[in-house]
Each structure stands twice: as structure tokens, then as C-alpha cells.
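Only one structure is covered here, and it is reproduced in the block below.
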Amino acid sequence: MSPLLFLPFLLLLLPIAVPAAQLRPGHYSQTCPEAESVVRDVMKKALVKEPRSLASVMRFQFHDCFVNGCDGSMLLDDTPTMLGEKLSLSNINSLRSYEVVDEAKEALEKVCPGAVSCADIVIMAARDAVALTGGPDWEVKLGRLDSLSASQEASDNIMPSPRANASSLIDLFAKFNLSVKDLVALSGSHSIGQGRCFSIMFRLYNQSGTGRPDPAFEPKYREKLNRLCPLNVDQNVTGDLDATPLVFDNQYFKDLVLGRGFLNSDQTLYTYPQTRTYVKHFSSNQGEFFKAFVEGMIKMGDLQFEQPGEVRRNCRVANHRPVNTLWNLGGMNPAF
């Protein structure tokens, strides 16, 4: 068969990616008007069952959208022919609470089967995690499709390390048209949740290969972390990312000003001149932080790449397809 004759048949099998410009509030108003309330109800139950899970789910948006756009790829389990993103360097032993998204998807499939994408569930759930822990609420744009595959390599190459400094973070965010202000505001996602000892051992005992702790630590805070994370600790032990780990507020920035940032990638925002101004501003004005955070989350949520997509029936696996062929519809240029 001629390739040109085969193309229409192939396109019937492979859904076409939706440009970011088509994302809009109320996307499911006709096909699944209860979508947002269903997801929020699941998040409320998760908050009661395990409060920490909301912080975990909120960070899904970051780990999903930065890797080939907001397409739910990070939710896919490995297969014999695909290494997914769950075991990538930035996700393994770090991301958790995937079952919350599973529960939201299961609830949505009962109400309106085949209508709501897993990628959109991530966006709604991230917003709800913030709102339910005391942070701002906002209207989300919806209409994303789920990817057909995932890439551990792409995640490894893109996601920043907890050792990252402000300069490298600025460069990374700039690749996605996110500003320095966006970087600092979105780092405020660490207003809730916990981090592992693994991520700070070098800061405590061998910063920059010196054999000494990071001098940016406030001494009493460093002593507290030394007790939490001694040299012989199980490095999966966790500590609070700020002084109010269950409340979304601007305490994170107040802590940075005081030298009490948990991760290097947090404290560097205060020690680096280009980001320090925003840290100080947000530490004294929670309203401005909330406003900037919402703006950053919406911009991040617009990240998409031209690629085939679908609405998965199960967020962990791509739908069964009659042909094992993927048609790349336009390269890998992000659409903002």
C-alpha cells in the first residue's frame, strides 16, 4: 500500500495532539460537568487519609509538565518495551501517592467514561492540593490528551537535582519560557511536604567537596538536621521542607531568609542575588506569593509538545492499539 494511501487509516487509529491554545476553562462542561468536583472530592479524602499525599500529588504537575509537556507520561508504568519515568533519577524513591490519581480516574470513569484525561487530572489535583492546604484556588485550563508513551531518559535529562544552584535553575526554567519570578514562586511549592535525608547529606557533611557543611545553614537548624540525618541514617528518612509542612503559606520564604532551607535548590534562591529579591518580597507578602504562584502554575500547565495523544482508561497504561506504530505529528517544539 502507498504511504499516502495508508496515512488516513493511520490517523484514524492515532488521535491528534491538541495545541495549547485549545486549552480552556470549562472544557468538560458538556462531556463531564462533574469532573472538577469529582477530583476535589478525592483530594479531600486523601487529605484526611494521609495529609502528606497532597504535597506529593501537587508536585506531579512539575514532574509531568517539564518532561515533554503536560501529558500524563509520568503516570505510566514500565512495560517490556518502555522504560517509564517513575524510576528516573528525580522520581525514584521521591514521587509517591500515584494511587490518589488512580482513585480520581476510577471515580471519573464511573461518572463519564472515556472523557477526562489523566493529564488533566494531574492539573486539577495539583490545584486542589494547594487550595485544600490553605493556599490559593484558581480556574484551570483543561483539554489535554494523555501521551502514548513515556521516557525515563527524557526525565533524567531535564529534571533538576536537589543539589542544583539558582543559576542552573534559572537556565532550566528559561527553556520553558518561565521567568526568574516564576522560578522563585513555583519553588514555593515546597511550602508543603517533606524531603529525604538523601537529598541533603552533601549539604550537611561535604558541601562542594569541602568536607564541611553548607555555610548558608543557620547553625541551630543545621544541628536539627544533623540529628535527623546523621551519617549512618537510612537516607529515606524524611524531614519537613519548611516550618509549616501541612499548610500552604509563605513560611517557606521566611525560612530561606533565616537560612533554614532544607534543600540546596531551596536555599540557593536566597544566596543568589538574582533570585534573592523575590524571596525577600514573598517572605513579607503572602498575597503576592500566591498571585505569582498561580500565574506560574498556569504557565507551566500550558506546556505541550506536538505528539499523538489519547484519553487513557487507566492512567498507568496506554490504551490497547491495533497497530504498534506511532506517528510523530510535528517534532518536539513546545507550544505555549
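Around the Cα centre of the chain, unit charges on the Cβ atoms of Lys, Arg, Asp and Glu (plus for the first two, minus for the last two) sum to a dipole of about 700 debye.
At 222 nm, what value in deg cm²/dmol follows for the chain if DSSP H runs of at least 4 each add -39500 (n - 2.57) and the sum is divided by all its residues, to the nearest 500? The per-residue figure over the chain is -13500 deg cm²/dmol.
Looking at the chain, the accessible area is 46 square angstrom per residue; that uses a 1.4 Å probe and ignores ligands, DNA and RNA. Highest average first, the peptides 116-126, 71-81, 229-239, 284-294 ordered by how many other beta carbon atoms sit within 10 Å of their residues are 116-126, 71-81, 284-294, 229-239.
Annotation for the range 172-251 versus the range 263-322: alpha-carbon center distance of 18 Å.
Across the chain, Cα pairs under 8 Å and at least six residues apart give a relative contact order of 26 percent.
The values are calculated or read from the model by the stated rules, or taken from the named source; none is laboratory data. In this text the structure is predicted, and so the values were computed from the model without any measurement. Cβ atoms come from the backbone with ideal geometry, glycine included; neighbour counts cover every protein chain shown. Quick note on the areas: whole protein, heavy atoms, side chains included, nothing else; ligands and nucleic acids left out. Shrake-Rupley method; radii C 1.70, N 1.55, O 1.52, S 1.80 Å.
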